Amino acid sequence: MVHLFYPAQRRGQAETAAYLPDVDELRGELSEQQIVATRLVKTHSIAAAPCRRNGRPFPVVIFAPGGGQKALSYTAILEDLSSHGFVVAAIDPPYNAASVRFSDGTVLRKLPPAKRGWEVPATRDDMPRIYEHMVVHWARDMSFVLDRLAELNRSDSRFSGRFDLEKVGAMGHSRGGQAAGKVRLMDSRFDAGLNLDGNIRGRAFPPDSKAGAIDGGRKPFLWLEKQLPWPKKDLDGLTLEQFADMWANGDRLMQAIGSESIRIQIARPEIDHLDFGDTSILSDSINEQTLRGKERTLTLTRLIVDTFFNSHLKGGDIRRLDRLATRYPEIKLKRYTPPTPPYEVIR
């Protein structure tokens with residue numbers, strides 16, 4: 001299932017699309033209060049609106065959600081990026097979310113990894129390896145969706161000629177963010193990648209590596225994450241030295257990227273992994289102060305996402321990120337200097 005957000009041709013007043021059209025399928029996953037709150041959410045999208053025909057074609061960004069999350073639960077970010085002149089194709093990977101209803105009425109429920117064909121981890125070290133296989137699987141989904149968008153751009157009268165497929169980005173949250181970083185290494189059509197708080201053992205994506213050498217790719221990449229509290233008790237079986245080296249490994253991977261490479265932390269107290277989407281705002285137990293903080297994270301995320309893709313897919317000024325960091329004290333930005341040629345590239 002793919003949800004397509006795009007700049008629309010205005011046609012007077014029109015009813016906005018439902019936020020989660022299949023919310024009734026989520027009973028048991030969401031409380032009745034959350035279902036009522038979800039129905040009250042107002043979007044800025046018009047279902048099946050005609051694509052805007054005037055002006056240049058729109059750059060494309062393909063989005064993947066986090067594990068267990070629905071693509072439409074990131075609507076705040078997806079609509080915002082689309083409103084700045086991008087086509088955003090948001091993927092609902094099969095059997096990932098609690099429930100996804102297709103346009104023909106088919107409903108797919110969430111399945112545990114073993115029932116989806118994935119290996120069951122036997123040791124602590126098995127999970128990262130299996131997880132990386134899942135990330136590659138989702139990265140291939142991104143390439144598949146790009147193939148389908150190319151078909152729409154050629155032959156579908158609703159969209160023909162409106163997608164600029166020479167300017168393509170990848171974005172995702174959590175596991176989807178890992179896939180956005182990985183697909184840059186696998187598919188040369190992707191020009192930039194952005195990871196929203198996806199982290200596996202201190203890395204923003206599974207690198208291409210051989211004999212100890214790391215190739216972080218040539219395409220620009222931004223890793224946006226929540227602040228990382230230093231662990232005091234639960235180290236997941238690691239010593240402090242091992243934990244420190246794990247996080248330093250993330251810096252080493254970012255350093256290995258051969259072009260624009262940026263790591264941003266949003267240092268807001270009580271920030272949560274799900275604050276990079278809409279889900280945490282719809283909690284039935286959230287207080288006003290907490291809500292304001294989560295809205296702040298979403299605001300900063302939208303500004304950073306738009307600035308990054310505007311720079312790398314539209315020729316904008318990437319230095320706007322530095323101005324954002326000056327304006328908003330929660331934004332902690334780190335740039336990495338690309339390796340100086342000649343350097344070893346492992347394919």
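Quick look at the values:
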item	result
Per-residue Cβ neighbour rank within 10 angstrom, fewest leading, 254, 1	1, 254
Over the chain, relative contact order from alpha-carbon pairs under 8 Å, at least 6 apart, %	16 percent
Karplus-derived 3J(HN,Hα), 6.51/-1.76/1.60, for each residue of segment 279-291, Hz, glycine and proline x	3, 5, 6, 8, 4, 8, 10, 7, 9, 4, 5, 5, 4
Quotient of Cα Rg and 2.2 N^0.38 Å for segment 2-335, N being how many residues it contains	0.98
Separation between Cα centres of segment 92-121 and segment 1-67, rounded to whole Å	21 Å
Local electrostatic count at residue 67 - Lys and Arg +1, Asp and Glu -1, tallied over other residues with Cβ under 11 Å	+2
Order of 164, 125, 156 - criterion: other Cβ atoms within 10 Å of each residue's Cβ, fewest first	125, 156, 164
Using a Förster distance of 35 Å, the FRET efficiency for residue 127-residue 22 (Cβ separation, nearest 0.05)	0.70
Most fluctuating residue given options 314, 115, 167, as computed from a GNM of the chain linking Cα atoms under 10 Å	115
Residue-by-residue Karplus 3J(HN,Hα) for segment 261-276, coefficients 6.51, -1.76, 1.60, Hz, glycine and proline x	9, 9, 10, 10, 10, 9, 8, 10, x, 6, 5, 10, 4, 7, 6, 8
Sequence-distant residues sharing a close amide H with residue 208 (under 5 Å, placed H)	215
Charge dipole of the chain about the Cα centre (unit charges at C-beta), most positive-ward option of 35, 6, 265	6
Charge dipole (debye, nearest 20) of the chain; +1 at Cβ of Lys and Arg, -1 at Cβ of Asp and Glu	860 debye
Mean Cα-pair separation over length for segment 32-186, i.e. relative contact order, pairs under 8 Å, 6 or more apart, %	32 percent
Cut-off under 5 Å, modelled amide H: who pairs with residue 61 long-range	87, 88, 89, 169
Sequence-distant residues sharing a close amide H with residue 268 (under 5 Å, placed H)	227
Using a Förster distance of 45 Å, the FRET efficiency for residue 243-residue 137 (Cβ separation, nearest 0.05)	0.95
Extension gain (nm, one decimal) between residue 44 and residue 98, 0.36 nm per residue minus Cα-Cα	17.0 nm
Phi-based couplings in Hz for segment 186-196 (Karplus 6.51, -1.76, 1.60; Gly and Pro marked x)	9, 9, 5, 6, 7, 9, 6, x, 9, 10, 8
Rounded to 5, percent antiparallel among DSSP beta bridges of the chain	40 percent
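Each value in this text was obtained by applying a stated rule to the coordinates, not by laboratory testing. These numbers come from a predicted model, not from an experiment. Cβ: placed from backbone, ideal geometry, glycine included. Neighbour counts: every protein chain shown.
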